[in-house]
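Participant: Quick one: structure below, then a few questions.
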Amino acid sequence: MGGDRTILALFLFGLAITAVMIIYPASHAIELSFQKAESFISEPEWVGLDNYVRVLSDMEFWDALRRGMVFSGWAIALQILLGIGFAVLLDANLPAQRVVRAITILPYLLPTLIVTLLVRWMLNDPIGIITIAFQNLGFGTVDWYGSPNLAMGMVILVSVWIWTPFVTISFLAGLQSVPESLYEAAKVDGASSWQRFWHITLPQLRPVLTVVILLRTIWMFNKFDIVWLLTRGGPLKATEHLPILAYRKAFESFDVGMGAAISTISFLILSVAVFIYFRLFPLDQKD
């Protein structure tokens, strides 16, 4: 009886934290999206769907959506490919395996602020270590923050460096559950390393792959801190995606309603994408 009360108390506590930290702010943001306000403390004016009409008719929104899809798409693809590759290597019997696994997780443990400050220092002109290395190799001075393509590539690569360890650990945990007998039987049948990976490893990792892609899509599509700290959406808005656009509208243009509408539309896009994703790739699918 005491155990049931403890479980109920923990459940109610978790529910209260969720309501305070997630449900209330989200519902308030949705409410603001139907209002016109110049700040979060000014008297709001109900405008109905006017903010949504303005957002959907604004090319800034569609450009930011496209850039967000490019950013998240490339970042997720690289994280998945590298994560699977590193997980397979770490699952092998390598020397100092535990030490290598511990080192692998280090980028994931570093605060984003520290990582971005280090990256900005390494790319600094003229004292950055990467800038000096490129000059010594004969590439000259690279304007990382002046080229739209280089800025987007830099943001993607930093995101990959930070989050690939999470993907690697997830896949490595999945590999621990793959029966060794499957590989032994495949070896007896003459299957190559690639055939064993394609026909055994990947199918066994499919549940993990489904969840990891879903989580990374949600997180990367909403990623604000890395992009803002590295480029602030520049140059020429080349890295400005929906989270940054919503921030600029709410806190720089003092159009809180439009910023809230952008955030709400972003939430709806992700919700629809998650629904379609689970329809196409259900977690309980059978071979």
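Condition check ((1) loosely packed, with under 12 Cβ neighbours inside 10 Å; (2) in contact with a strand residue (DSSP E or B) (Cβ under 9 Å, 6 or more places away or on another chain)) across all residues:
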position	(1), (2)
V188	yes, no
T201	no, no
T217	no, no
N222	no, no
R248	no, no
M258	no, yes
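Participant: Restricted to segment 1-45, and to residues that are exposed (fewer than 11 other Cβ atoms within 10 Å of the Cβ), under 18 Å from A261 (Cα atoms) and of a type in the set (A, V, I, L, M, F, W, C), which residue is farthest from the chain's Cα centre (by Cα)?
Facilitator: Per the criteria, the residue is I41.
Participant: On the basis of being out of contact with any Leu (no Cβ under 9 Å at 6 or more places or on another chain), without any contact (Cβ under 8 Å) to a residue 24 or more places away in the chain, among the small types (G, A, S) and under 19 Å from L214 (Cβ atoms), does S271 make the cut?
Facilitator: Here the answer is yes, as S271 does meet what is asked.
Participant: Here is a follow-up. Name the residue that is surrounded by the most Cβ atoms within 10 Å (Cβ to Cβ), counting only residues in segment 152-179 that are touching a Phe, Trp or Tyr at 6+ places or on another chain (Cβ under 6 Å) and closer than 25 Å to E240 by Cβ.
Facilitator: Among them, the one singled out is I156.
Participant: A further question follows. Against the definition (modelled with pLDDT of 90 or more and either under 30 Å from D91 (Cβ atoms) or of a type in the set (G, A, S) (or both)), how does F197 come out, yes or no?
Facilitator: no
Participant: Quick check on this structure: which one of A75, A87, A9, A26 is free of Cβ contacts under 8 Å to residues at least 24 places away in the same chain, out of contact with any Pro (no Cβ under 7 Å at 6 or more places or on another chain) and assigned to a helix (DSSP H, G or I)?
Facilitator: Answer to the selection: A9.
Participant: Can you tell me which residues in segment 81-97 are surrounded by fewer than 13 Cβ atoms within 10 Å (Cβ to Cβ) and either touching a Phe, Trp or Tyr at 6+ places or on another chain (Cβ under 9 Å) or at pLDDT 75 or above (or both)?
Facilitator: Listed by number, the list holds a single entry, A92.
The values are calculated or read from the model by the stated rules, or taken from the named source; none is laboratory data. All of these numbers come straight from a predicted model, not from anything done at the bench. We place every Cβ from the backbone using ideal geometry, glycine too, and count neighbours over all the protein chains shown.
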